[in-house]
Amino acid sequence: MAAKLADAVRAAAEDGRVLARDFPGGAGQDELPFAVTAAFDARVRGQVERDPRIEDERDRVLIAAVKLAQTPPAEEPDGFVKARAGLIAAIDALERATLRHGIVSARGARAGGGAPGERLAQPSA
């Protein structure tokens with residue numbers, strides 16, 4: 001039943017990627033870092049047990065979002081493209097880490113995300 005929570009992880013990551021792809025630069029730069037993690041924080045964080053590997057990847061997303069937000073697209077077009085790609089890669093890594101290491105928490109189970117202690121991804125044999 002953890003498939004429902006795994007789907008939420010994928011959807012939250014896609015929401016973050018859409019924001020990263022659509023970010024024009026300049027306006028909204030202070031909001032971007034937390035905007036790209038908002039769906040993850042609302043739908044996933046707390047639904048899975050705390051894991052330092054997942055938290056580290058979330059921190060990397062925030063750092064990459066700050067870098068994108070602070071790169072002026074008109075002055076540094078190549079840097080802006082690179083920063084955007086870096087943010088999308090960080091979001092991808094957060095998604096993979098959460099699916100690989102995520103374990104349904106009691107709160108996640110109450111929300112219908114699976115059984116407490118259930119892994120989001122079954123280990124391959």
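The values are calculated or read from the model by the stated rules, or taken from the named source; none is laboratory data. Just so it is clear, the model here is predicted, and its values are computed rather than measured. In this analysis, Cβ positions are derived from the backbone assuming ideal geometry, glycine residues included, and neighbour counts consider all displayed protein chains. Just so you know, the surface numbers come from the protein's heavy atoms only, side chains and all, with ligands and any DNA or RNA stripped out. Shrake-Rupley method; radii C 1.70, N 1.55, O 1.52, S 1.80 Å.
Side notes on the structure shown:
- For Ile88, the conditions (1) over 29 Å from Ala6 (Cβ atoms); (2) assigned to a helix (DSSP H, G or I); (3) open to solvent by less than 50 Å² (accessible area, probe 1.4 Å); (4) of a type outside the set (S, T, N, Q) are fulfilled apart from (1).
- Looking across the stretch 76-91, the residues that are in contact with a helix residue (DSSP H, G or I) (Cβ under 7 Å, 6 or more places away or on another chain) and either in contact (Cβ under 8 Å) with a residue 40 or more places away in the chain or charged (D, E, K, R) (or both) come down to Arg84, Leu87, Ile88, Ile91.
- Breaking point among (1) surrounded by 14 or more Cβ atoms within 10 Å (Cβ to Cβ); (2) in contact (Cβ under 8 Å) with a residue 24 or more places away in the chain, for Ala38: (2)
- Residue satisfying all of: in the stretch 96-116; surrounded by fewer than 24 Cβ atoms within 10 Å (Cβ to Cβ) and in contact (Cβ under 8 Å) with a residue 60 or more places away in the chain; farthest from Lys4 (Cα to Cα) among these: Arg107
- Residues in the stretch 57-75 that are free of Cβ contacts under 8 Å to residues at least 24 places away in the same chain and not basic (Lys, Arg): Asp59, Glu75.
- Residue in the stretch 54-64 that is modelled with pLDDT of 95 or more and open to solvent by less than 10 Å² (accessible area, probe 1.4 Å) present: yes
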